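Right, one structure below, let's go through it.
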């Protein structure tokens, strides 16, 4: 256990390094609404929001439900001169199911469905015990780290923009009907954006160790005033 | 660590590396230089080292190599009226030309920027970053480089949009006799090129950008409060 504001330059206790530029800062627990930026490169180091965990849990659930709808409801439908065709999300991925394109089926499914679901799941695994005030699960730190690593590969929002580009291209060719899965995907963008706004990695790392789970013995305790509510 | 954004880049700052420590780039914890993995988040710790740039170069080469077939082979083939009114196989560039012939200049511009300008700009930007990383720089140059890095990192995944467009079009436009669209082999190599370029950008260590800053004065181990350490 370390006291807030004390640090040791030999072991690195009580310090944090900016992930972008490596500048050292003294670790401090912020109150909700404050933002800490790196003194040198301006990267946001922490910006806790009050009630963020509950919001993040709710948003992770929402995104799972929306993804369920997006997978099973019809996605798009077109028709022209009596010929019609409808496709679901699986249909889109299976468009590549010929010859050497086959691996792309799996890649597309993972990027637009698999990873968003997996990330929501990992986030729930990490945050649910924390929000309930119980000790974090044993692998919470690993789960959260993996979830953050996978962030750039989860491409649901890019897929939605891709859909709109495709629709513009098709518009001259045939009439298009948008299915519920399309709207579910659109909603997913906003859920992801909101989730991003509430996400503060530093706070979650702090919460994982404050919750009394397995730690490295470096968790901060507030130095002078004994019990204040932690954000 | 206080909201000291107005102090950006003023004066030398003590980095974990200069202090003989290692910062975890996943959670920010600072560890002695011998530590191998971060005890809080389990991330592998590595010092900012120019040798790590080999990974960047390797992924970048893979990205450039797979970008070549992406431009030579057709991205998708279109058949209208069972080939009577023309069936065409279009590479990325031919697709753009076709769009211009049809008079849809705006979409042509979007496709051209997204699948030709952006990938090439990414290759150039990553090579430049990898070349100048760790070389001496002023604080302003370092800020520019970090900005370039952040743009590359942000924009990288958006190139995948092309692959999704091809997938959606081929799944959707299956109107039997009237029109059908099939994906071409370029879709795979384009997807691979985007993925490799993303990996290349991810293996670039932004801390290297700041390593070459001149170490003029007394090192400052303080956080947010310091403004000029001269």
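The values are calculated or read from the model by the stated rules, or taken from the named source; none is laboratory data. What you see is a predicted model; the values in this text were computed from it and never measured. With ideal geometry, Cβ positions are generated from the backbone for all residues, glycine too; neighbour counts draw on all protein chains shown.
The condition (being at the interface with another protein chain (Cβ under 7 Å from one of its Cβ atoms), within 22 Å of residue A:205 (Cα to Cα) and at pLDDT 80 or above) is satisfied by just one residue among B:27, B:38: B:27.
Taking the criterion of being under 17 Å from residue B:194 (Cα atoms) and not in a helix (DSSP H, G or I), the only residue of the stretch B:89-130 that qualifies is B:91.
Just one residue in the set B:170, B:189 is buried (at least 23 other Cβ atoms within 10 Å of the Cβ), part of a helix (DSSP H, G or I) and either out of contact with any helix residue (DSSP H, G or I) (no Cβ under 6 Å at 6 or more places or on another chain) or modelled with pLDDT of 85 or more (or both); that residue is B:170. When the stretch A:80-101 is filtered for residues that are in contact with a strand residue (DSSP E or B) (Cβ under 6 Å, 6 or more places away or on another chain) and surrounded by fewer than 17 Cβ atoms within 10 Å (Cβ to Cβ), only A:86 remains. Just so you know, in the stretch B:192-215 the residues that are assigned to a loop (DSSP other than H, G, I, E, B) and at pLDDT 85 or above include one that is farthest from the other protein chains (Cβ to nearest Cβ), and it is B:204. Just one residue in the set A:83, A:72, A:121 is under 23 Å from residue B:169 (Cα atoms) and either modelled with pLDDT of 90 or more or more than 13 Å from chain B (Cβ to nearest Cβ) (or both); that residue is A:72. Considering every residue within the stretch B:48-60, establish whether at least one is over 30 Å from residue B:123 (Cβ atoms) and assigned by TED's automatic domain parsing to the domain that holds residue B:183. No, the stretch B:48-60 contains no residue that is over 30 Å from residue B:123 (Cβ atoms) and assigned by TED's automatic domain parsing to the domain that holds residue B:183. Of the numbered conditions (1) farther than 23 Å from residue B:183 by Cβ; (2) touching a helix residue (DSSP H, G or I) at 6+ places or on another chain (Cβ under 7 Å); (3) within 12 Å of chain A (Cβ to nearest Cβ), residue B:73 fails exactly one; give the number of that condition. Answer for residue B:73: the failing condition is (1). Of the residues contained in the stretch A:51-69, one or more are found to be free of Cβ contacts under 8 Å to residues at least 40 places away in the same chain, assigned to a loop (DSSP other than H, G, I, E, B), surrounded by fewer than 18 Cβ atoms within 10 Å (Cβ to Cβ) and more than 8 Å from chain B (Cβ to nearest Cβ). If you filter the stretch A:21-38 down to residues that are at pLDDT below 85, facing another protein chain (nearest Cβ under 7 Å) and in contact with a helix residue (DSSP H, G or I) (Cβ under 7 Å, 6 or more places away or on another chain), you find that the one that is nearest to residue B:146 (Cα to Cα) is A:21. Is one or more of the residues making up the stretch A:212-227 assigned to a helix (DSSP H, G or I) and modelled with pLDDT under 90? No: the stretch A:212-227 contains no residue that is assigned to a helix (DSSP H, G or I) and modelled with pLDDT under 90. Of the residues making up the stretch A:172-189, at least one is without any contact (Cβ under 8 Å) to a residue 24 or more places away in the chain and more than 22 Å from residue A:58 (Cβ to Cβ).
Screening the candidates B:146, B:175 for the property of being within 11 Å of chain A (Cβ to nearest Cβ), buried (at least 20 other Cβ atoms within 10 Å of the Cβ) and at pLDDT 85 or above yields one hit, B:146. Regarding residue B:115, is this residue closer than 24 Å to residue B:59 by Cβ, within 22 Å of the chain's Cα centre (by Cα) and modelled with pLDDT of 90 or more? No: the conditions fail for residue B:115. Within 9 Å of chain B (Cβ to nearest Cβ) and modelled with pLDDT of 85 or more, is that true of residue A:18? For residue A:18, the condition - within 9 Å of chain B (Cβ to nearest Cβ) and modelled with pLDDT of 85 or more - is met.
Going by what's in this entry, would residue B:110 be described as within 14 Å of chain A (Cβ to nearest Cβ), touching a helix residue (DSSP H, G or I) at 6+ places or on another chain (Cβ under 8 Å), more than 30 Å from residue A:138 (Cβ to Cβ) and in contact (Cβ under 8 Å) with a residue 12 or more places away in the chain? No.
Of all residues in the stretch A:148-160, none are more than 23 Å from residue B:106 (Cα to Cα), more than 12 Å from chain B (Cβ to nearest Cβ) and part of a helix (DSSP H, G or I). Per this entry, residue A:90 is not counted among residues that are within 11 Å of chain B (Cβ to nearest Cβ) and assigned to a loop (DSSP other than H, G, I, E, B).
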